[in-house]
């Protein structure tokens with residue numbers, strides 16, 4: 001997962017995967033079928049290890065504005081990890097493979113749909129509980145917040161300072177807290 005996350009699919013030769021995992025070439029082929037299948041398994045592992053904990057505040061059916069902020073706090077926590085300029089593996093895949101690989105694009109789209117759906121539910125709850133204006137356009141705001149999360153990771157991958165990224169996120173969340 002680490003090699004694909006840091007370097008991307010195209011820049012990660014199978015021989016380097018063999019060396020990094022310590023498995024034999026035959027073992028990797030027997031287990032995963034090839035580089036592409038190992039790549040997709042790595043995406044699934046990332047989703048479970050990184051995205052599921054990040055999205056946990058939004059998974060509660062009663063999530064509201066506070067949980068949206070907690071989600072973004074977790075996004076920023078991932079970005080703040082020392083020496084971590086990898087960004088979001090799923091966003092990286094969208095940039096690198098999205099137009100080239102239908103299966104990769106589908107996995108990215110399913111992930112983005114999940115995040116957008118969770119944000120929309122929390123925004124709807126916040127609108128109902130009075131935390132947000134009744135005039136809020138929930139689908140548009142959910143799209144905007146999804147773009148904010150992806151943008152924060154892109155900014156991190158490009159080497160922008162955490163203070164800049166924090167202001168970027170805070171500006172997007174101004175009406176939520």
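Things worth noting here:
- Estimated distance in nm for a label pair at residue 41 and residue 16, the labels positioned 7 Å out from Cα along Cα-to-Cβ: 1.9 nm
- In terms of the mean number of neighbouring beta-carbon atoms within 10 Å, the peptides 152-164, 57-69, 117-129 order highest first as 117-129, 57-69, 152-164.
- Stretching the chain fully between residue 95 and residue 109 yields a gain of 3.8 nm (0.36 nm per residue, less the alpha carbon separation).
- For the pair residue 30 and residue 7, a Förster radius of 30 Å applied to the C-beta separation gives a FRET efficiency near 0.80, rounded to the nearest 0.05.
- A Förster radius of 35 Å, combined with the Cβ-Cβ distance separating residue 48 from residue 80, puts the computed FRET efficiency at roughly 0.95.
- Compactness of region 52-109, expressed as Rg and Dmax over alpha-carbon positions, Å: 14.0, 38
- For region 2-172, pairs of C-alpha atoms spaced more than 19 angstrom apart make up 59 percent of the total.
Bear in mind that the values in this text are calculations on the coordinates, not laboratory data. All of these numbers come straight from a predicted model, not from anything done at the bench. With ideal geometry, Cβ positions are generated from the backbone for all residues, glycine too; neighbour counts draw on all protein chains shown.
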